[in-house]
Every structure is written in structure tokens, then in C-alpha cells.
1. Considering each residue of the stretch 22-71, count those that are assigned to a loop (DSSP other than H, G, I, E, B) and not small (Gly, Ala, Ser), and give that number.
2. Inspect the stretch 38-56 for any residue being without any contact (Cβ under 8 Å) to a residue 60 or more places away in the chain and touching a His at 6+ places or on another chain (Cβ under 6 Å) and give the result as yes or no.
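Laboratory data are not the source of any read-out in this text; all were calculated from the coordinates shown. Treat the numbers as computed from the prediction; the structure is a model and nothing was measured. For neighbour counting, all protein chains shown are included, and Cβ atoms are generated from backbone atoms with ideal geometry for every residue, glycine included.
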Amino acid sequence: MSPHITIDRAHQLSELIKQAISTSVLVANQNVQYQIEQEQVVLTGIVNSYYAKQLAQESVSRIQGVRQVHNRLTVTPGQMDQPTLSTN
């Protein structure tokens, strides 16, 4: 497989993850970052409920091409000041 195809696939996967997180009502306005390592996704950041944490994981795990999700989101009720979504 050529490196160009791998980069395109990683970019496509990143866009799908960004879309899944941003369209989830309970997760969209929270501080969620993600990193893609091959077909594994690591979620980090802060959400304000355990439900939002689980929802973020479920949203990402449903994406074709994601084999495993490592959910390292921290739950901190009432601590959301500025919502952000970023990738590392």
C-alpha cells in the first residue's frame, strides 16, 4: 500500500470522527480531543457526564475502519467553559 493511500485514509477517518463527535448533542459542546494510531482512536479531554463519555466512545466505535477506542475522557461535572474539538 502506498503512503498516499494511507494518508488519505487517515484523513478520511479523522473527518468521520470529527463529524461523529460534533453531531452528538451531548458531546458536541465539550472539550474532546482524539488521536488516531493506525485503526485505534484515543479520546482525551473533559466531558461533564459519564453518559457523554460513553456516548463519545460509542459514536466513534461505530465508524467503519475504527477497530478499537481507548476512552481517556475525564468526567468533571460543571467544569465546561470553552468547548473545543481538536486532533493531535
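1. Looking only at the stretch 22-71, we keep the residues that are assigned to a loop (DSSP other than H, G, I, E, B), and these are 23-30, 38-39, 48-49, 62-67.
This time we only want the ones that are not small (Gly, Ala, Ser), so: 23, 25-27, 29-30, 38-39, 48, 62-64, 66-67.
The total comes to 14.
2. First, the residues of the stretch 38-56 that are without any contact (Cβ under 8 Å) to a residue 60 or more places away in the chain: 38-56.
Next, only the ones that are touching a His at 6+ places or on another chain (Cβ under 6 Å) stay: 42.
Yes.
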